[in-house]
1. Report ³J(HN,Hα) in whole Hz for each residue of segment 89-99, in order, from the Karplus equation J = 6.51 cos²θ - 1.76 cosθ + 1.60 where θ = phi - 60°; Gly and Pro get x.
2. Only loop residues by DSSP count here, and only those with at most 14 other Cβ atoms within 10 Å; note down the trypsin sites (Lys or Arg not before Pro) in segment 78-171 that meet that.
3. Report, by chain and number, residues whose modeled amide H sits under 5 Å from the one on LEU113, excluding near sequence neighbours (fewer than 5 apart, same chain).
4. Order the following by accessible area, largest value first: SER66, SER163. Probe radius 1.4 Å; ligands, DNA and RNA are ignored.
5. Can you list the residues, at least 5 places off or on another chain, whose amide H is less than 5 Å from the amide H of ALA89, using H built in the peptide plane?
6. Which loop chymotrypsin sites (Phe, Trp or Tyr not before Pro) in segment 89-165, with loop taken from DSSP, have no more than 14 other Cβ atoms within 10 angstrom of their Cβ?
7. Using a 1.4 Å probe and counting only protein heavy atoms, arrange THR158, THR81 so the residue with the most accessible area comes first.
8. Taking θ as phi - 60°, what are the ³J(HN,Hα) couplings along segment 123-137 by the Karplus curve (6.51, -1.76, 1.60), each to the nearest whole Hz, with x for Gly and Pro?
Amino acid sequence: MGTCSDIRRKKHVLLKRLFSILTAAALLVFTACGSPPSAETPESAEGQQIRLTAGDIQIDITLNGSQAAAALVQMLPLELTLIERNYFAKGMLLPDPLPDTEQTTRAYAVGDLGYWADGQNLAIFYDDIFAQTSVPIIPLGRAENGAEQLSDISGTATLELLSDAAQEPMD
């Protein structure tokens, strides 16, 4: 039979092994459960349309192929408060950030939808009174017409994904 120190040493080795096994098992569980299925995140939203509704104004926006636009689609539908941005855009604070690793620009045109990552804001431009935006934005898409109607609108706006066939909001 071993001495007390031999028994303590064996007990210590067994506890270390048990701890290592439990740690490895926990890492496997958290790694397997922590990553969402890739099928849920579309690769691109290019060509998909969303509808911005504010009051009785409806504006259809065609999205580009950016990761940020694809992530926005995953958040829809949304009801957001309109924020006046220097009398040329309406901003909307998103509940969660969009990916912000893409090329930014300060160039814009009436009807452009963009994302300002630092402020977690969407912006739709309704006037071209400035040569460029004061902050860099990630372009998300464009409305061919109707954005200029937003100049006098306040309150909330809804953003909804449109179905391909009927151009009606998806349920």
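1. 8, 10, x, 8, 6, 7, x, 9, x, 9, x
2. Loop-located and lightly packed - ARG106.
3. Residues meeting the criterion, in which the H sits 1.01 Å from N, are LEU140, GLY141, ARG142, ALA143.
4. Heavy-atom accessible area, descending, gives SER163, SER66.
5. Correct list: TYR126.
6. PHE130
7. Greatest to least solvent exposure: THR81, THR158.
8. Residue by residue, segment 123-137 yields 9, 10, 8, 10, 8, 10, 6, 10, 6, 7, 6, 7, 10, x, 10 Hz.
The values are calculated or read from the model by the stated rules, or taken from the named source; none is laboratory data. None of these values were measured; they are calculated from a predicted model. All Cβ positions, even for glycine, are placed from backbone atoms using ideal geometry, and neighbour counts span all protein chains on display. For the accessible areas, the whole protein counts, side chains as well, though only heavy atoms, and no ligand, DNA or RNA atoms are used. Shrake-Rupley method; radii C 1.70, N 1.55, O 1.52, S 1.80 Å.
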